[in-house]
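Some notes on the structure that comes next.
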Amino acid sequence: MMPISKKTHVLNLFADLLSYPREDYKQIAEQCYTSVTGQIKSKLSMFMEYVQEHSLDELQMNYTSIFELNFHIAPYVGYYLFGESYLRSMFLVELSSRFKKNGYYIDKELPDHLAVILKFIALNPTSQLSEELTESALIPALRRIIWSQTKLEDRPTDVSATLAYYILLECLLEYLINKPQEKVLQLTVIDSEIEDKSGIDQWITKKKNKEVK
């Protein structure tokens, strides 16, 4: 069996923390905390504080309230790239197809769920699809989720469940940005709703143009 890289390990931990809390949720949080360093570790201590102070039932209830009942912090990458539009539907179809071609199959969640995409990248850290998803889907979506346009003084200061998950997402964003990324061929595209002209943009543009013909 090939050894698991640190990047794979950390991304799997983030994916588990962004999934519905299970019995070993606190242990997963501790593993993630001990696996990161520097500013990320310092920030993640606030998420750890939240996890340690709540029971599993409370963690599960809060997770449902935040991620399933609150559209402001939905864990679906496509929502932040395309909104609730037919373009997101096309993105989901294309993403699912590419996952299957790479031998990655999903049981319950939608293919653009943060945890689903993170698990794929962890399994395929050097693939072009992983690079495209990281640079053109995950990073832009995370920047929108974590109030990138909100002034620091306007953010909540108490370590509530919502703030704890925002901190977790900030830590994930910093981890992805700080990891060295290989260059991906960038192609010129048209009629795009994604600010970053990326490989993912090509999926939607090509499929949309094909349907128009």
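The values are calculated or read from the model by the stated rules, or taken from the named source; none is laboratory data. Here the structure is a predicted model, which means the values were calculated and not measured. Counting neighbours? That spans all protein chains shown, and the Cβs are built from the backbone with ideal geometry, glycine included.
When you scan segment 17-27, do you find a residue that is within 18 Å of residue 138 (Cβ to Cβ) and at pLDDT below 95, even just one?
No - not one qualifying residue is present in segment 17-27.
Yes or no, residue by residue, for (1) in a strand (DSSP E or B); (2) surrounded by 21 or more Cβ atoms within 10 Å (Cβ to Cβ); (3) over 16 Å from the mean Cα position of the chain (by Cα); (4) of a type in the set (A, V, I, L, M, F, W, C):
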site	(1), (2), (3), (4)
97	no, no, yes, no
106	no, no, no, yes
116	no, yes, no, yes
125	no, no, no, no
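Only a single criterion out of (1) modelled with pLDDT of 90 or more; (2) of a type outside the set (Ser, Thr, Tyr); (3) under 18 Å from the mean Cα position of the chain (by Cα); (4) over 25 Å from residue 178 (Cβ atoms) is not satisfied by residue 52, namely (3). For segment 28-38, check the following and say yes or no: at least one residue is touching a residue at least 40 places away in the same chain (Cβ under 8 Å), under 19 Å from the mean Cα position of the chain (by Cα), outside any helix (DSSP H, G or I) and surrounded by fewer than 18 Cβ atoms within 10 Å (Cβ to Cβ). No: segment 28-38 contains no residue that is touching a residue at least 40 places away in the same chain (Cβ under 8 Å), under 19 Å from the mean Cα position of the chain (by Cα), outside any helix (DSSP H, G or I) and surrounded by fewer than 18 Cβ atoms within 10 Å (Cβ to Cβ). Residue 45 meets each of the listed conditions (1) under 21 Å from residue 146 (Cβ atoms); (2) touching a Phe, Trp or Tyr at 6+ places or on another chain (Cβ under 6 Å) apart from (2). Scanning segment 89-134 for residues that are modelled with pLDDT under 95, under 18 Å from residue 172 (Cβ atoms), among the charged types (D, E, K, R) and out of contact with any Gly (no Cβ under 7 Å at 6 or more places or on another chain) gives 109, 131.
Residues in segment 3-21 that are part of a loop (DSSP other than H, G, I, E, B) and surrounded by 12 or more Cβ atoms within 10 Å (Cβ to Cβ) were compared, and the one that is nearest to the chain's Cα centre (by Cα) is 18.
Would you tally the residues in segment 19-78 being aromatic (Phe, Trp, Tyr) and over 27 Å from residue 106 (Cβ atoms)?
2
Being surrounded by fewer than 18 Cβ atoms within 10 Å (Cβ to Cβ), at pLDDT 95 or above and closer than 22 Å to residue 21 by Cα is the requirement here; does residue 57 meet it?
On the way: surrounded by fewer than 18 Cβ atoms within 10 Å (Cβ to Cβ): yes; at pLDDT 95 or above: yes; closer than 22 Å to residue 21 by Cα: yes.
Yes: the conditions hold for residue 57.
Does segment 71-85 contain at least one residue that is touching a helix residue (DSSP H, G or I) at 6+ places or on another chain (Cβ under 8 Å) and under 19 Å from residue 24 (Cβ atoms)? For segment 71-85, residues touching a helix residue (DSSP H, G or I) at 6+ places or on another chain (Cβ under 8 Å) and under 19 Å from residue 24 (Cβ atoms): absent.
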